[in-house]
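Have a look at the structure below before the remarks.
Coordinate-derived values only; no laboratory data. Owing to the predicted nature of the structure, the values given are computational and were not obtained by experimental measurement. Neighbour counts run over all protein chains shown; Cβ positions are idealised from the backbone, glycine included.
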Amino acid sequence: MAVGLVDAGGSDGRQYGGRITVFVALSCVTAAMGGAIFGYDLRISGGVSSMGSFLEEFFPDVYRRMKGDVHVSNYCKFDSQLLTLFTSSLYIAGLLTAMLLSSWVTARRGRRPSMIIGAAAFLAGAVVSGGAVNVYMAMGRALLGVGLGFANQAVLLYLSEMAPARYRGAFSNGFQHSLCLGSLAANIINYGAEKITGGWGWRLSLGLAGVPAALFTLGAVFLPETPNSLVQQGEDRGRVRALLQKIRGTDAAAAVDAELDDIVAANSAAALGGSSGGLRLILSRRRYRPQLAVAVLMPAFTQLNGINAIGFYAPVLLRTVGMGESLALLSTVVTVVIYTASTVVFMFVIDRFGRRTLLIAGSLQMKVSEVLIVAVMAAKLGDEGGMARGYAAALFVLIGVYVAGYSWSWVPMTWLVPIEIFPLEIRSAGQSITVASGFVFTIFIAQGFLAMLCRMRAWLFFFAGWIVVMTGFVYLFLPETKGMPIEQIGKVWREHWFWGRVVGSDESQVTDKL
């Protein structure tokens, strides 16, 4: 059964054909639920960290500073390394999982088993966090980090490999869109939980992470494996061909065989690395230098532009400028609505305008809004007292403009571009590097933001300088990959003004498929 969107195949003349089938659409929707869990956990900690009942029970020193019982600067009320560890423990565990385990499982056992393991870890983490009786149990969020390490590794591989080349951008954005929905749910739940009398609302916020985790677990059990993964595991060609034909919804044998031939050729290239494995290949071979650079730098830029400082601690930041607890939480709900709406726009424009155009345009929007955020905070927020209501409202609007620019450009592209540039033999290892790089810089921001806010005041938003750097990187070093079949993506590196010289001497060792 298929619907009427036809995939025209590659931009280099090699046509795959096929349609976007109901089968592949449902499979990708189920897999993208991993993004909902990520989004929920990303936002829930920032709201919980600003709730008086949570702070009073686990972080009494922060609670006294927030209430004004201790004289301290506006910028330093929430400065606590233990409090920030509550947030960053999720990403420390995710980093260790991505580096040590998830890449191997995803490559050797498949995308589906990795998603099942990740979903089980999510469920366990939600139970431990929601039932915490001391701060160390609250950091059972580390179990959620294990889930993130597996899910972020496997889900994006799954989406990119199942999607037709022409619509890979929109399909891969399903992860980001569900992440936004999870973030929205987290902010709405935090807003409602804060109003629960008895001081146990934060338990509801943390424990409800189990709902998307349960849905993801149930769905992952019934998902098919991707054709690329089956080939990588040595599955019978006939079975893989039958699955690929079902996914693409076409009876055209030539089109199915053309795509399958490219998948098999990409897998055969792994033999060139012997038993060294994907990680050793990507680190040792010149032909993978472009992919390695993108895998490390795009996630780094995505964190260093300042978005996660706002994403983690928006309620804390808004309380710093004088908003009440309830209003700060409500304001973040509005921000995430903007975030979600912008990613919907992205789904309709990514495969029309391409990767480079959206990244550069989004960077310009973020740069202007972040400079204005610095100006308002530096001019109107001192060490004591609040900020005038008009300026606080202006700050909130600027945060919304910044979030909109980020969410229709860099955040979905950081998931999409690295995953679509890796050939099959290094795809799992490459995704592991991408996830690990993202976690490293996420930990840096999560653990350091409140301390830097205390010491640097408004000038903390030096992040704006990184936007200039990342825009230059896109303009000079990132080729356009719109519409290129994932098995033929190596062509863009060979034709690039800079990367062509880097990979040229090593490229003759591989087939033209790569």
Non-local amide H neighbours of I20 (under 5 Å, H modeled in plane, Pro and chain starts lacking H): which ones?
V3, L5, D7
If R0 is 22 Å, what FRET efficiency do you get for D257 and D236 from their C-beta distance, rounded to 0.05?
0.90
Residue span Q81 to V133: 0.36 nm per residue of separation minus Cα-Cα distance leaves a gain in nm of 16.8 nm
Let me know the Rg and Dmax you get for the range 182-231 when you use only its Cα atoms, in Å.
16.6, 56
Multiply the residue gap between V29 and V469 by 0.36 nm, knock off their C-alpha separation, and tell me the result in nm, one decimal place.
154.9 nm
What is the sum of charges around G354, taking Lys and Arg as +1, Asp and Glu as -1, for the other residues whose C-beta is under 11 Å from the C-beta of G354?
+2
Can you give me the pair-distance distribution of the range 170-256, C-alpha pairs, 5 Å bins, whole percents?
3, 11, 13, 14, 13, 11, 9, 7, 6, 5, 4, 2, 1, 0
What does the highest-first list of 150-162, 174-186, 472-484 look like by mean Cβ count within 10 Å?
150-162, 174-186, 472-484
Total formal charge among the other residues, if their Cβ is under 13 angstrom from that of S363, Lys/Arg +1 and Asp/Glu -1
+2
Quick check: net charge around L90, other residues with Cβ under 13 Å of its Cβ, Lys/Arg +1 and Asp/Glu -1?
+1
Stretched fully, the stretch from V211 through V344 gains (0.36 nm per residue minus C-alpha distance, one decimal, in nm) 45.5 nm
Calculated P(r) tail over 22 Å for the range 104-202, as whole % of Cα pairs
44
Take L283 and F353, extend 7 Å from each Cα along the Cα→Cβ direction, and tell me the distance between the two endpoints in nm.
3.9
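Which FRET efficiency value, to the nearest 0.05, is calculated for V22 and H71 with the Förster distance at 51 angstrom and r the Cβ-Cβ distance? Kindly include the intermediate steps, with their values, before the conclusion.
Details: r = 63 Å, r/R0 = 1.23.
Using R0 = 51 Å, I get an efficiency of 0.20.
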